[in-house]
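Report on one structure; see the data block that follows.
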Amino acid sequence: MDLSNLKPAEGSTKDRKRIGRGEGSTRGGTSTRGHKGAKSRSGYKRKAGFEGGQMPLYRRVPKFGFKNINRVEYQGINLDTLQKYSEEKGITSFTQEVLIENGLVSKNDRIKILGRGTLTAKIEVTAHAYTKTAQKAIEDQGGTANTIQN
């Protein structure tokens, strides 16, 4: 046995249906499309969400509210997280690059420092936004809260 005489097991493969190849093939003429109507013509495409004339789901379900396209999403980081990284890794300056390196934010995230937890370390933080309690806590420890303008 070698690669030249390998073939699939008997009955495991089927030839594809060749439709529209003349009357002799038994699949010529209407080519399995039936007679007349939009579905028999070339270029037919059913409307997305069409349910055979029944009221489609997207029209049956009630709609409310709206999505504000101008909303600005922030990735929040709490003070207790900054405190933990300050103790464990000895970080005193938290810039966007440092936060990305440590996996706290992604490259395109806007950063907001939140006020959960207590802060005992003197740190310098650079972020897009701060809550009042977070900014006060950082400055009370003698640190600085710098804002990134974007």
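Since every read-out is calculated from the coordinates, none of them should be taken as a lab result. The structure displayed is predicted, hence computed values, not measured ones. Positions of Cβ are backbone-derived with ideal geometry, glycine not excepted, and every protein chain shown enters the neighbour counts.
A few points about this structure:
- In the chain, the DSSP beta bridges split such that about 0 percent are antiparallel, to the nearest 5.
- Length-normalised contact order of the stretch 74-147 in % [C-alpha pairs under 8 Å, at least 6 apart]: 34 percent
- GluC sites (Glu not before Pro) within the stretch 1-95, DSSP loop, no more than 13 other Cβ atoms inside 10 Å: GLU10, GLU51, GLU73
- Greater than 20 Å apart at Cα, pairs in LYS67/LYS112; LYS107/LYS132; LYS112/LYS132; LYS112/LYS136; LYS89/LYS122: LYS67/LYS112; LYS107/LYS132
- Between the stretch 85-150 and the stretch 29-71, the Cα center-to-center distance that results, in Å: 50 Å
- Label-point separation in nm, GLU101 to GLU23, each point 7 Å along Cα→Cβ: 8.1 nm
- Compactness index (Cα Rg / 2.2 N^0.38 Å), the stretch 8-150: 2.18
- Estimated FRET transfer efficiency (THR144, ILE69; beta-carbon r; R0 41 Å; 0.05): 0.75
- In nm, spacing of pseudo-spin labels at MET1 and LYS122 (7 Å Cα→C-beta vector): 7.8 nm
- The stretch 92-108 - phi-based ³J(HN,Hα) in whole Hz, Karplus 6.51/-1.76/1.60, Gly and Pro as x: 10, 10, 9, 9, 4, 5, 5, 5, 5, 4, 8, x, 7, 9, 9, 4, 9
- Taken about its Cα centre, the stretch 74-147 carries a charge dipole of about 240 debye when Lys and Arg each add +1 at the Cβ and Asp and Glu each add -1 at the Cβ.
- Among 55-67, 133-145, 25-37, sorting by the average number of other beta carbon atoms lying within 10 angstrom of each residue, highest first, gives 133-145, 25-37, 55-67.
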